[in-house]
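Each value in this text was obtained by applying a stated rule to the coordinates, not by laboratory testing. Since the model is a prediction, treat every value here as computed from it, not as a measurement. Note that we place each Cβ from the backbone using ideal geometry, even for glycine, and neighbour counts take in every protein chain shown.
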Amino acid sequence: MDQSVHSFGRRALDDSFHRMVELSRQQPPPPLATRLDRLARLRALISDNEQRFAAAISADFGHRCAIETLIAETLFLLGELKHTSKHLKNWMAPKSVSTQLQFWPASNRLLPQPLGVVGIIAPWNYPLQLTLAPAIGAIAAGNLVMIKPSELSPRFAALLQETVAAKFEPTELLVTGIEDDIAPAFAALPFDHLVFTGSTRVGRIVAEAAGRNLTPVTLELGGKSPTIIDRSADLDLAAQRIAYAKLMNAGQTCIAPDYALVPRDKVQDFAARVQRHMLAMFGDNPSNPDYTAIIADKHYVRLEGLLADAKAQGASVLQSATPDNAAWRSVRKFPPTVLSGVTADMKIMQEEIFGPLLPVLGYDDPSEPIAFINGRDRPLALYWFGSDDAARDEVLARTVSGGVTINDCLVHFAQINQPMGGVGASGIGAYHGQWGFDTFSHLKPVFYRSPYNRLADLYPPYGSKIARLAKLLRLLS
């Protein structure tokens with residue numbers, strides 16, 4: 001890959017942003033036809049360059065499974081574009097809102113309007129999807145959009161910059177450079193809305209920068225998404241589905257199952273089953289094209305550190321090879337790993353893993369997983385396996401998380417009519433489908449006064465009329 005991201009200095013960033021702001025304030029909101037045209041160009045951008053994007057992403061990772069890119073990125077976006085284009089006319093229409101009796105025969109409407117200029121700070125783990133999915137909602141809502149790709153995906157960033165420039169005017173949709181000084185400058189711009197996907201640590205920095213401008217933010221962060229295996233669960237089915245979800249993108253997924261809480265007498269059996277399913281799916285050969293590499297050496301070393309600390313504190317490890325094995329390390333693929341005998345004070349339970357390691361913790365009483373989860377930051381996702389409806393509903397009622405999948409993992413993210421977002425330390429706000437359109441719109445309430453309404457009776461001078469009207473209003477309130 002010989003692409004390089006076009007340099008985008010601080011002055012160019014500021015100039016481009018201010019041109020967008022000026023245009024968004026001067027021109028009327030784009031009509032349906034303009035928005036559909038922009039969405040169609042975005043669809044063509046993805047479809048025409050599908051293989052190039054897959055190759056660029058794979059080159060950035062060292063190796064990225066092409067099927068994972070197809071399913072989790074390309075097809076996801078094409079589905080979102082189709083759904084958005086189909087429903088956009090209805091989403092844009094003013095919505096009737098009921099009017100209180102005392103104001104009849106007046107009426108209320110809710111009028112969706114573009115916010116103006118939306119900024120997107122994108123991550124590296126699903127660079128195509130997590131860059132363009134929020135852009136779809138922002139464009140549908142009539143906004144102008146500026147994107148800052150991740151510095152860890154330079155080949156993808158260069159290709160996105162090239163393809164966007166070929167399809168869009170720089171005042172419609174613009175991709176910046178990835179130089180070190182661009183990210184803080186980008187976050188400090190007074191956008192009308194700012195989207196960030198990444199770590200909780202960086203999310204705090206972005207939120208602080210945005211807060212200085214009172215810029216509203218959507219933060220999709222992460223954290224440690226738990227999986228509860230209820231005593232009523234089909235242990236082998238749960239192990240298979242968790243193994244797949246944990247190893248998709250080599251665990252570099254913000255909603256990956258981070259750890260599993262399992263009845264104590266089933267921990268060893270469950271861990272062994274997960275390891276068997278991992279081997280059945282991905283084998284023990286690092287050259288397997290279905291298994292994705294770790295994005296960078298520093299992340300590989302970080303994962304080695306988490307594993308070493310857990311082993312030193314007594315955790316048992318199931319893996320087909322050690323991460324220092326030259327065959328694995330040379331291609332930056334971390335061997336799929338299951339750990340049992342894990343305790344809460346190990347480093348692996350102190351931070352988001354973001355890799356192919358699954359800690360398994362035991363519990364005795366069904367209330368313990370709920371207490372364990374509630375004693376930590378609220379996660380981006382939660383997974384529950386079992387057939388006991390009462391136990392399931394107890395977990396749903398007593399835990400708070402960004403989203404939940406029952407008897408599987410990850411799949412709630414693909415539900416286009418459901419919002420995707422975090423809560424607390426795992427994020428703020430949500431998008432996808434109409435939720436994205438609404439997030440990037442100002443839903444302006446408009447009251448249409450009727451000439452036949454008697455509100456004027458409230459004007460001074462007050463006399464006996466106000467007593468009669470007040471009595472009527474009291475009855476209606």
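Would you compute the Debye intensity of region 341-389 from its alpha-carbon atoms alone, equal scatterers and no solvent, and pass along log10 I(q)/I(0) at q = 0.16, 0.21, 0.27 Å⁻¹ to two decimals? Debye intensities relative to I(0), on a log10 scale: -0.55, -0.97, -1.48.
Hydrodynamic radius of region 353-477 by the Kirkwood approach over all distinct alpha-carbon pairs: 19.6 Å. With no solvent and one equal point scatterer placed on each C-alpha of region 157-240, evaluate the Debye formula and give log10 I(q)/I(0) for q = 0.15 Å⁻¹, two decimals. Each listed q maps to, in turn, -0.71. Working from Cα pairs under 8 Å separated by at least six residues, relative contact order for the chain is 19 percent. Between Ala467 and Lys82, residue separation times 0.36 nm minus the direct Cα-Cα distance comes to 132.9 nm.
DSSP beta bridges fully contained in the chain are about 35 percent antiparallel.
Modelled label positions at Asp393 and Arg204, each set 7 Å beyond Cα in the direction of Cβ, lie 3.9 nm from each other. In a simple Cβ point-charge model (Lys, Arg +1; Asp, Glu -1; nothing else charged), the chain has a dipole of about 2040 debye relative to its Cα centre.
Note: relative contact order over region 154-249, using C-alpha pairs below 8 Å and six or more positions apart, is 20 percent.
Ranked from highest to lowest mean number of other Cβ atoms within 10 Å per residue, what is the order of the peptides 257-267, 44-54, 89-99?
Values: 257-267: 21.0, 44-54: 16.6, 89-99: 12.7.
Highest mean packing first, the order is 257-267, 44-54, 89-99.
Taken along its principal axes, the alpha carbon cloud of region 87-176 reaches lengths of 61, 26, 20 Å, longest axis first. Distance from the Cα centroid of region 173-226 to that of region 364-413 is 29 Å (rounded to whole angstrom).
Which residues in region 151-167 place their backbone N less than 13 Å from a point set 7 Å from the Cα of Leu23 along the Cα-to-Cβ direction? Once the point is set 7 Å along Cα→Cβ of Leu23, 165-167 turn out to lie under 13 Å by backbone N, inside region 151-167. Each peptide in 320-326, 418-424, 186-192, 124-130 gets a packing score, the mean of other Cβ atoms within 10 Å over its residues, and the list from highest to lowest is 124-130, 186-192, 418-424, 320-326. Extending 7 Å from Cα along the Cβ direction at Thr99 and again at Val446 yields two label points whose distance is 1.4 nm. Dividing the convex hull volume of the alpha carbon atoms of region 368-418 by its residue count gives 80 Å³ per residue.
Straightening the chain between Asp37 and Ile67 buys 7.9 nm, computed as 0.36 nm per residue apart minus the Cα-Cα spacing. The length gained by stretching the chain between Asp345 and Arg231 to full extension, at 0.36 nm per residue less their Cα-Cα distance, is 38.5 nm. Restricting the calculation to Cα atoms, the chain yields a radius of gyration followed by a Dmax of 25.6, 93 Å. Computed over Cα pairs, the Kirkwood radius of region 102-254 leads via Stokes-Einstein (1.567 mPa s, 4 °C) to a diffusion coefficient of 73 µm² per second.
Shown is the FRET efficiency for Lys167 and Asn285, computed with R0 = 41 Å from the Cβ-Cβ distance and rounded to the nearest 0.05: 0.55.
About the Cα centre of region 262-315, how large is the charge dipole given +1 on each Lys and Arg Cβ and -1 on each Asp and Glu Cβ? Please answer in debye to the nearest 20.
Details: 7 positive and 7 negative charges, 37 e Å.
It works out to roughly 180 debye.
Using R0 = 41 Å, the C-beta based FRET efficiency linking Arg264 and Ala414 works out to 0.80.
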